[in-house]
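Input: a single structure, listed below in structure tokens.
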Amino acid sequence: DAKTTQPPSMDCAEGRAANLPCNHSTISGNEYVYWYRQIHSQGPQYIIHGLKNNETNEMASLIITEDRKSSTLILPHATLRDTAVYYCIVSRKDDKIIFGKGTRLHILP
Amino acid sequence: DVKVTQSSRYLVKRTGEKVFLECVQDMDHENMFWYRQDPGLGLRLIYFSYDVKMKEKGDIPEGYSVSREKKERFSLILESASTNQTSMYLCASSLFWEEAFFGQGTRLTVV
């Protein structure tokens, strides 16, 4: 079973920051938070991952709360091409990755 | 560009046929995975492999087997295809789960 809870869908205006929340209250100390997204008719695409510090790359930022029970993926300037299903996943580095239902993000023009 | 290539984008097979879905990666990754994706059920792990000739069952292995004779190739086998195996099949590879790369998927229809 997936260890995360995400809202089923969200809307965001084009050009604004998209903030996608994820709850993972049972996360263990050696488990990472990963984010993937899946654009329609394509395979999932890795976005970012982190353990306890905030992380940023060219695609997004990941903010993890101090107690590690929740996190937020931030797409700083959403475009129409960011419309996708976003998956938050908790896993050890040496373990299989289990996908939940994800959040369907709609970017509105 | 890193690549995970699945042999077919679309496939139609008859009930009872033996079906092979092939996946090849060019990144020298140890880990390879097979998922299926169905509406309302999301992505579910069928099998994964951490090394050549090694395999582990995922959440829904029934009705499937796998083969990994070479590091770059991971095959999913449906021994006797059934209509409830109609689905989108996705292959992935990774190096210690730093970042998993997925193929484009094979949409299999069993009639």
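Residues in segment A:69-109 that are buried (at least 17 other Cβ atoms within 10 Å of the Cβ), more than 14 Å from chain B (Cβ to nearest Cβ) and touching a Gly at 6+ places or on another chain (Cβ under 8 Å): A:71, A:78.
Just one of the listed residues (A:52, A:96) is more than 30 Å from residue B:5 (Cα to Cα) and modelled with pLDDT under 95, namely A:52. The C-beta contact set for segment B:35-57 (first residue free of Cβ contacts under 8 Å to residues at least 12 places away in the same chain, second residue surrounded by 20 or more Cβ atoms within 10 Å (Cβ to Cβ), distance under 8 angstrom, 6+ apart or interchain) comprises B:42/A:99; B:42/A:102; B:56/B:47; B:56/B:48; B:56/B:49; B:57/B:47. Quick check, is residue A:44 touching a residue at least 24 places away in the same chain (Cβ under 8 Å), open to solvent by less than 70 Å² (accessible area, probe 1.4 Å) and over 24 Å from residue B:56 (Cβ atoms)? Considered against the rule, which asks whether it is touching a residue at least 24 places away in the same chain (Cβ under 8 Å), open to solvent by less than 70 Å² (accessible area, probe 1.4 Å) and over 24 Å from residue B:56 (Cβ atoms), residue A:44 comes out as no. Taking segment B:1-60 and the strands (runs of 3 or more DSSP E) fully enclosed by it, the elements with 1 or more residues that are at pLDDT 95 or above and over 14 Å from the mean Cα position of the chain (by Cα) are at B:10-13. If you check A:107, A:98, A:64 for being farther than 28 Å from residue B:93 by Cβ, touching an Asp or Glu at 6+ places or on another chain (Cβ under 9 Å) and β-branched (Val, Ile, Thr), only one passes: A:107.
The values are calculated or read from the model by the stated rules, or taken from the named source; none is laboratory data. Model, not experiment: these values are computed from the prediction. When we count neighbours, we look across all protein chains shown, and the Cβ atoms used for this are built from the backbone with ideal geometry, even at glycine. Ligands, DNA and RNA are excluded from the accessible area calculation, which covers all protein heavy atoms including side chains. Shrake-Rupley method; radii C 1.70, N 1.55, O 1.52, S 1.80 Å.
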